[in-house]
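Comments concern the structure below.
Values in this text are rule-based calculations from the coordinates and carry no lab data. Quick caveat: nothing in here was measured; it's all calculated off a predicted structure. All Cβ positions, even for glycine, are placed from backbone atoms using ideal geometry, and neighbour counts span all protein chains on display.
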Amino acid sequence: MRLFRLVLIVFISITISPLFAGEGMWLPLLLKAMNEEEMQKMGMKMTAEDIYSVNKGSLKDAIVHFGGFCTSSVISDQGLLLTNHHCGYGQIQSHSSVENNYLKNGFWAQSKDQELSNPGLFAKFIVSIEDVTEVLQKGMKKKMGAKERQSIIDKNKEAYLAALSLKKYEDAEIKPFFNGNQYFLFITKTYNDVRLVGAPPESIGKFGADTDNWVWPRHTGDFALFRIYADENNEPAEYSPTNKPYTPKHFLPVSTDGVEEGDFTLIFGFPGRTSEYLPSDAIEQIVNTLNPAKIEIRDQALKIMDKYMRSDESIRIQYASKFASIANYWKKWIGESQGLKKTGAVAKKKKLEAEFMERVNKTRKVNEKYPSLLASFSEKYAAIEKYALARDYYSEVFGRNIELFRNVITVNGLLDRYQNSGEDAYKSMAPRYAAFLERNYSNYNADIDMEVAQKIIATYVQKVPREFVAAELINRNLSGKISNLYSNTLFADKDKVLSLFEGDAASFQKKLSSDPAYAFAMAIKKHYDENVAAPYNAINEEISELQKCYMTALLELFPEKRFYPDANSTMRVTYGNVEGYEPRDGMCYKPSSTLDGVIEKYVPGDYEFDVDENLRGLHENKDYGSYADENGKMPVCFIGSNHTTGGNSGSPVIDAHGNLIGLNFDRVWEGTMSDYNYDRSICRNIMVDARYILFIIDKYARTKSLINELSIVSPKSKN
């Protein structure tokens with residue numbers, strides 16, 4: 001803790017350069033000490049207390065972890081939630097059919113009794129955040145080994161959580177920061193009755209689809225509306241028709257002022273995962289070895305899915321969410337690799353490492369591990385590369401892109417529970433597994449899945465080092481063998497899979513063990529676990545210890561630098577400006593787009609770029625209501641220099657006064673490498689303009705009840 005206190009003192013005492021503005025994912029409880037002054041110099045009119053407070057309602061009380069995978073925000077005093085269309089895509093799809101296609105036609109509840117429930121979807125609030133590093137590190141000694149240190153942390157953590165006095169409906173979680181150098185406690189409150197309120201059709205909410213994904217200029221109205229419901233005391237409750245709309249401690253007013261280049265922007269949300277402090281060896285491995293492998297597998301799977309989706313509308317609905325999910329990171333990895341190369345990420349890391357070694361050599365009483373850190377990194381990354389490559393291929397092929405094998409591995413988890421904990425454990429968990437599989441198979445097509453399997457397993461056998469390929473895959477007629485598996489397995493048919501759960505645990509085990517696809521998948525998994533996962537994990541543990549030590553060293557030896565913790569799905573604040581950029585020589589992007597661009601991209605009948613008659617008519621008549629900009633155009637999206645990543649989807653974009661001005665949903669393709677190397681020259685986040693959201697709700701969907709529910713403000717007009 002003394003190290004972190006020293007670092008914090010340095011943060012407070014130095015004058016922060018504007019060049020840092022935009023970079024960083026900051027803990028909201030530390031903004032007063034670390035960021036408030038800079039944020040106000042950039043134009044913010046709020047205080048840190050307005051953003052995060054445990055004593056009064058603040059911005060944090062309007063920020064929601066949506067389903068654990070996205071962010072949303074409360075935008076009315078009746079618990080109305082705003083998030084991305086793609087965050088609510090699975091729920092919209094689950095309520096859709098060919099006859100009642102909410103994906104294609106949109107959905108708008110005209111009254112609360114028309115809002116649709118979504119089993120399993122939750123909205124989680126942060127009650128408070130607290131630094132508990134000293135508590136967890138109590139009893140640790142300097143020369144302890146990694147396992148001994150971790151054992152002490154685990155025991156202290158368990159004891160601390162057990163002793164907490166939580167209020168009803170509260171939960172507690174402790175998360176590590178700075179590679180385990182610091183720990184924070186998060187007290188949370190979760191609501192489980194979250195209902196779909198409104199969603200534009202895909203032609204708006206997913207306009208541009210995969211072609212425009214990660215690309216600027218963007219013209220996507222990527223938003224959806226949900227509502228939190230609570231019991232009569234405003235507390236969490238399972239779904240019930242008698243539940244009432246949630247009354248929030250704080251909600252975000254919506255500003256119609258719009259944005260101008262240079263305006264302050266604050267993003268509040270739950271970014272998923274970043275790795276900003278990796279050494280150069282890790283970045284080289286990502287760019288040259290791992291990303292190309294993952295891209296190749298997804299490219300092959302997507303081409304097969306796309307072929308079927310374009311030929312059959314029912315399959316397109318069935319596979320829409322799957323395709324979007326797989327395509328998202330496929331395209332991200334392509335842009336990420338290109339961005340890392342363009343910005344010279346490896347060279348930047350090497351420059352920092354050279355300076356690191358210079359400071360190590362100049363510093364008296366330096367930690368004895370520091371001089372050999374970089375050499376150890378090089379050695380370990382060289383040793384892990386073949387295992388990491390095989391691991392990524394296995395994960396993409398058997399763990400991600402072949403549904404049959406993914407379901408086999410899921411069901412094997414229930415068998416493990418039975419074998420480890422007995423009949424009672426099986427009885428308690430079997431209904432959950434059956435319900436999960438029933439939902440999963442509602443969108444399953446065995447013919448498509450088999451074709452994907454035949455293609456990508458062949459690539460796996462060809463590209464993975466031979467010692468890591470299981471004997472079951474060494475077959476001259478591998479395609480025919482896979483076809484036979486699909487013809488004879490329970491796992492290619494929903495009803496047959498569900499029949500596994502008819503009877504007792506012994507019957508379940510017998511039927512599962514005799515299934516050919518189960519035997520095939522388990523043999524491949526066993527070979528992988530023993531020959532890839534085990535050695536990979538052993539080396540990766542050593543790399544993790546090196547990374548923890550390297551993080552400690554960076555904080556110690558670079559006291560003038562500003563370090564922020566990597567994202568780990570905890571609440572963070574990022575801030576920047578509305579700002580265009582120049583991705584390539586001779587190319588300059590403006591920071592905003594309009595409905596004119598939607599019409600320019602319009603391709604009749606195309607599933608990515610179709611525009612319905614209603615929206616075309618509004619554009620033709622310039623029927624924008626009060627939502628047009630000063631030039632009479634209808635704003636759609638804008639970009640800024642905020643540092644975001646996955647999990648920030650659905651994050652509110654907040655202006656200098658604390659009002660909603662937009663909705664974060666993407667990054668530009670050239671800047672997707674910001675997970676490893678934020679570079680303000682090309683790192684931009686993409687946001688839906690709040691005026692476009694209001695326009696779609698009001699003029700397009702004619703849902704005045706929702707507009708009337710909002711608090712719509714115009715603070716600039718008061719200045």
Q) Which whole-Hz couplings ³J(HN,Hα) result when phi for each residue of the stretch 178-194 is put into the Karplus expression 6.51 cos²θ - 1.76 cosθ + 1.60, θ = phi - 60°, listed in order with x for Gly and Pro? A) 6, 6, x, 8, 8, 9, 10, 9, 10, 9, 10, 9, 10, 10, 10, 9, 10
Q) Taking neighbour counts of Cβ atoms within 10 Å as a proxy for exposure, in what order, fewest first, do Arg562, Arg572 appear? A) Arg562, Arg572
Q: May I have the extent of the alpha carbons of the stretch 383-541 along their three principal axes, as whole Å values ordered from largest to smallest?
A: 46, 37, 24
**Q.** Whole-Hz ³J(HN,Hα) from phi, Karplus 6.51 cos²θ - 1.76 cosθ + 1.60, for the stretch 503-515, glycine and proline x
**A.** x, 8, 5, 5, 5, 4, 5, 5, 5, 5, 5, 8, 7
Q. Tell me, what is a quarter of the convex hull surface for the C-alpha atoms of the stretch 230-291, in nm² with one decimal?
A. 9.9 nm²
Q: Quick one: which residues, 5 or more positions from Ala230 or on another chain, have an amide H under 5 Å from its amide H? H modelled 1.01 Å from N in the peptide plane, none for Pro or chain starts.
A: Lys244, Tyr246
Q. So, with +1 on the Cβ of K and R and -1 on the Cβ of D and E, and no other charges, what is the size of the charge dipole of the chain about its Cα centre, to the nearest 20 debye?
A. 1780 debye
**Q.** Rounded to 5, the percent of DSSP beta bridges in the chain classed as antiparallel
**A.** 95 percent
Q) Straight-line reach from Lys350: which lysines have Cα under 22 Å away, leaving out those fewer than 8 places along the same chain? A) Lys341, Lys342, Lys362, Lys369, Lys380, Lys548, Lys561
(Q) What FRET efficiency comes out for Asn708 versus Ala534 if R0 is 60 angstrom and r is the Cβ-Cβ distance? Round to the nearest 0.05. (A) 0.50
Q: Could you please rank Asp212, Asp299, placing first whichever residue has the fewest other Cβ atoms within 10 Å of its Cβ?
A: Asp299, Asp212
Q | Given charges at Cβ of Lys, Arg, Asp, Glu: the stretch 649-706 dipole, positive-most of Leu694, Gly658, Asn677 | A | Leu694
**Q.** For the stretch 458-466, 3J(HN,Hα) per residue [Karplus equation, 6.51 cos²θ - 1.76 cosθ + 1.60, θ = phi - 60°, Hz, x = Gly/Pro]
**A.** 4, 5, 4, 4, 6, 9, 7, x, 4
Q) For Phe107, which sequence-distant residues (separation of 5 or more, or a different chain) have an amide H within less than 5 Å of its own amide H, given hydrogens modelled in the peptide plane? A) Ala199
**Q.** Pairwise FRET efficiency - Asn631 versus Ala382, Cβ, R0 = 51 Å, nearest 0.05
**A.** 0.35
Q) Beyond 20 Å, what share of the Cα-Cα pairs of the stretch 142-256 remains, rounded to the nearest whole percent? A) 67 percent
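For the stretch 368-466, just say rounded, prolate or oblate: build the C-alpha gyration tensor, square-root its eigenvalues into a ≥ b ≥ c, call rounded for a/c under 1.5, and beyond that prolate if a/b exceeds b/c, oblate if not.
Cα axes put the stretch 368-466 in the oblate bin.
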Q. Treating the beta-carbon of each Lys and Arg as +1 and of each Asp and Glu as -1, no other charges, what is the dipole magnitude of the stretch 300-394 about its Cα centre, to the nearest 20 debye?
A. 340 debye
Q. Can you list the residues, at least 5 places off or on another chain, whose amide H is less than 5 Å from the amide H of Val713, using H built in the peptide plane?
A. Val254, Ser255, Thr256
Q: Note down the Stokes-Einstein diffusion coefficient of the stretch 574-719 in µm²/s, whole number, using a Kirkwood radius over alpha carbon pairs, 4 °C, and 1.567 mPa s.
A: 77 µm²/s
Q: Order by neighbour count: Asp210, Asp623, fewest other Cβ atoms within 10 Å first, most last.
A: Asp623, Asp210
Q) Along the charge dipole of the stretch 384-465, Cβ charges K/R +1 and D/E -1, which of Gly413, Ser428, Ser395 sits furthest on the positive end? A) Ser395
Q: Pairs of lysines 8 or more apart, or on different chains, with alpha carbons under 24 Å: count those in the stretch 139-234, would you?
A: 22
**Q.** Gained length - Asp612 relative to Lys56, 0.36 nm times residue gap less alpha-carbon distance
**A.** 195.6 nm
Q | Net +/- balance of residues flanking Glu379 in space, Cβ distance below 11 Å, scoring K and R +1, D and E -1 | A | -1
Q. What FRET efficiency, computed as 1/(1 + (r/R0)^6) with R0 = 41 Å and r the Cβ-Cβ distance, is obtained for Asn412 and Glu134, rounded to the nearest 0.05?
A. 0.45
Q.
Can you find, among Ala628, Phe207, Pro217, the residue sitting farthest towards the positive end of the charge dipole of the chain, where Lys and Arg contribute +1 and Asp and Glu -1 at Cβ?
A. Pro217
Q | Pairs of Cα atoms farther than 21 Å apart, the stretch 33-106, % | A | 50 percent
Q. Taking a ≥ b ≥ c as the square roots of the eigenvalues of the Cα gyration tensor of the chain, is the shape rounded (a/c under 1.5), prolate (a/b larger than b/c) or oblate?
A. rounded
Q: Could you pull the Rg and Dmax for the stretch 272-417, using just the Cα atoms, both in Å?
A: 20.6, 70
Q) Which value at 222 nm does the chain reach when only helices count, each DSSP H run of 4 or more adding -39,500 (n - 2.57), with the total divided by all residues and rounded to the nearest 500 deg cm²/dmol? A) -13500 deg cm²/dmol
(Q) Let me check the size of the stretch 452-570 from its C-alpha atoms; what are the radius of gyration and Dmax in Å? (A) 22.2, 66
